[in-house]
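Just below is one structure, and these are the notes that go with it.
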Amino acid sequence: MAVDRGTLLSVEGLSKAFHGVAALSDVSLQLCGGEILALVGENGAGKSTLIKILTGVYAKDAGRILLDGAEVAPQSPKEAFTLGIGVIHQEFHLVPEMSAAENIFLGRQPHKDSVLGHLGAIDKARVLAKSQQVLDDLGGNFSAATPVKNLGVGQQQLVEIAKALAFDARIVIMDEPTATLSSTDVTRLLDTMRRMKARGIGVVFITHRLEEIFRVADCILVLRDGHNAGGGNAADLTMEQTIAMMVGRHLDKLYPKEPAAIGDVVLAVEHLSRGRLLRDLTFQLRRGEILGFAGLVGARRTELMRALFGADGDVTGRILIDGKEVTITGPEDAVRHGLGLVPEDRKLQGLVLNMSIETNVSLACLPRLARWATFVDRRRERALTSDFLDHLHIKARRPDQQVRFLSGGNQQKVVLAKWLALKPKILILDEPTRGVDVGAKAEIHALISRFATQGMGVIMVSSDLAEILGMCDRVLVMSNGAITGEFTHDEATQEKIMARAISSTTLMRSAA
């Protein structure tokens with residue numbers, strides 16, 4: 001049972017504008033002790049602005065924030081933390097070489113109660129004991145003395161949470177905390193949130209993964225275009241109703257997979273290995289097929305995709321395209337042989353954020369747009385970009401807008417456009433919908449399905465099992481750099497995939 005300590009946080013009529021453009025308009029919410037409130041909405045709905053106001057990053061233009069009935073207006077994250085508001089970001093802020101305990105108390109270390117304390121000596125025993133207590137309360141199964149670099153991703157997430165709870169945070173805001181976690185670590189984190197709830201802590205949970213919300217949230221608040229768009233008790237809402245409030249319309253299908261004619265083998269990989277990272281991988285991809293790769297964090301699916309694209313060296317084995325063996329020693333070879341790669345991290349690896357949409361779209365095909373092999377034909381570049389803005393429904397003010405100002409879903413579409421401009425035979429998609437809202441996710445799924453119906457071979461890596469099951473014709477499961485399972489669309493289930501994902505034994509195929 002949760003400990004209900006009454007209303008902890010009230011937000012009344014909060015508004016904020018930037019350069020005359022409203023980011024929030026008359027937004028209100030309530031959070032009680034011992035309650036998990038899911039805050040959902042598409043990218044650009046106002047979630048980040050709301051959180052930054054609550055944590056003192058932005059100043060509000062209008063409205064009130066009340067803690068325990070008293071009005072507050074935090075002017076900095078430090079002041080918000082002093083008020084008992086902690087925030088857990090998607091990206092960890094940890095020092096790998098330091099222990100978990102040292103990270104938890106970093107910058108806030110207690111001094112010894114002695115003359116040495118007056119000289120600046122840190123009470124390391126108290127730091128270790130308090131950190132261990134908090135980690136144990138969160139369900140951690142590791143020593144607080146362990147260096148962070150030796151912890152798994154899920155354990156590092158617990159250290160981030162402990163940084164807030166060690167200093168008695170009463171409200172914890174969790175911003176996309178499951179984005180980089182495996183299914184197992186997600187389950188553990190949701191259990192941790194339940195423990196926090198039982199202790200009377202109010203939790204604000206922000207995620208694009210709606211299935212997680214219905215596993216753990218008590219209430220849901222939906223924002224759309226900076227306004228309250230609805231919500232209520234999670235038990236009284238369905239996922240379809242929540243999505244409709246988020247996007248302002250009903251999405252018929254989140255996974256709009258169209259039937260595609262499966263053709264000849266377009267890619268064959270035989271005994272591909274890379275040191276101890278990738279081990280004797282053999283598989284095929286056919287035209288019109290969407291081939292999914294599932295597995296836990298550390299399964300090395302991304303390493304396989306980079307190896308296929310020539311991004312990493314020391315690869316052995318054979319790669320055949322349309323039945324002919326090819327040599328891929330770098331991305332330029334991959335592009336020449338008809339491969340495109342939408343990488344796992346669009347901001348670091350897929351886009352040049354300070355460049356325009358049209359420049360990003362044309363990056364991979366500049367030779368085709370060049371005049372006299374020297375100058376880029378700007379009219380052809382603009383025409384190419386305009387076509388993709390229309391066909392992929394990229395929402396932007398104009399083609400020369402910098403991509404850093406686009407939402408996550410529209411940025412992802414720009415990366416897709418960059419590779420589609422090359423008309424690849426094989427398109428590799430590594431986490432294609434990570435960090436995008438549900439409306440953009442449905443649109444990207446529809447695009448992927450369309451690519452397959454046009455005869456393209458598609459490889460999709462995803463940590464979202466629902467996405468794998470909803471979109472893929474066939475699923476390969478990886479563990480520790482090896483293929484440990486293979487299922488057709490009709491055979492695949494979450495249980496079967498997870499069983500193979502935790503297996504360390506390579507799938508043995510029969511000669512047939």
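Near Gly481, within a Cβ-to-Cβ distance under 11 Å, what is the net charge of the other residues, with Lys and Arg +1 and Asp and Glu -1? Summing Lys and Arg as +1 and Asp and Glu as -1 gives +3.
What percentage of all Cα-Cα pairs in the range 7-247 are separated by more than 25 Å? In whole percent, the long-distance tail amounts to 44. Taking other residues whose beta carbon is less than 15 angstrom from the beta carbon of Asp430, and scoring Lys, Arg as +1 and Asp, Glu as -1, yields 0. Where both bridge residues fall in the range 7-247, DSSP classifies roughly 60% of the beta bridges as antiparallel.
Would you mind telling me the antiparallel percentage of the DSSP bridges in the chain, rounded to 5?
60
Please work out whether the range 351-422 counts as rounded, prolate or oblate from its C-alpha gyration tensor, where a ≥ b ≥ c are the square roots of the eigenvalues and a/c under 1.5 means rounded, while otherwise a/b larger than b/c means prolate and anything else oblate? Prolate, since a/c reaches 1.5 and a/b exceeds b/c.
Using a cut-off of 29 Å between Cα atoms, the listed pairs Lys47/Lys347; Lys197/Lys413; Lys324/Lys441 include Lys197/Lys413; Lys324/Lys441 as exceeding that distance. Highest mean packing comes first when the peptides 151-158, 270-277 are listed by Cβ atoms within 10 Å, giving 151-158, 270-277. With the convex hull built on the Cα atoms of the range 48-139, state its orientation-averaged projected area in nm². About 8.5 nm², averaged over all directions.
Contact order, relative form, for the chain: 15 percent (alpha carbon pairs under 8 Å, 6 or more residues apart, mean separation divided by residue count).
For the pair Thr282 and Leu422, the difference between a 0.36 nm per residue extended length and the Cα-Cα distance amounts to 47.7 nm.
Mean projection of the Cα convex hull over all viewing directions, computed for the chain: 27.5 nm². Highest average first, the peptides 322-335, 448-461, 221-234 ordered by how many other beta carbon atoms sit within 10 Å of their residues are 448-461, 221-234, 322-335.
Working value for the range 193-304: equivalent-ellipsoid semi-axes of 40, 23, 10 Å, each the square root of 5 times a Cα gyration tensor eigenvalue, largest first.
What GluC sites (Glu not before Pro) does the range 71-102 have in DSSP loop regions with at most 15 other beta carbons within 10 Å? Loop-located and lightly packed - Glu91, Glu97. For Lys149, the lysines whose Cα falls under 21 Å of its own Cα, not counting residues fewer than eight places away in the same chain, are Lys124, Lys130, Lys163.
The slack in the chain from Glu332 to Val21, taken as 0.36 nm per residue of separation less the alpha-carbon distance, amounts to 107.7 nm. Other residues within the sphere of radius under 13 Å centred on the Cβ of Leu277, judged by their own Cβ, net out at +2 (K and R +1, D and E -1).
Every number in this text was worked out from the coordinates using simple rules, so none of it is lab data. The structure presented is a predicted model; accordingly, all values stated were derived computationally and were not measured. Reconstructed Cβ throughout: ideal geometry from the backbone, glycine too, with neighbour counts over all protein chains shown.
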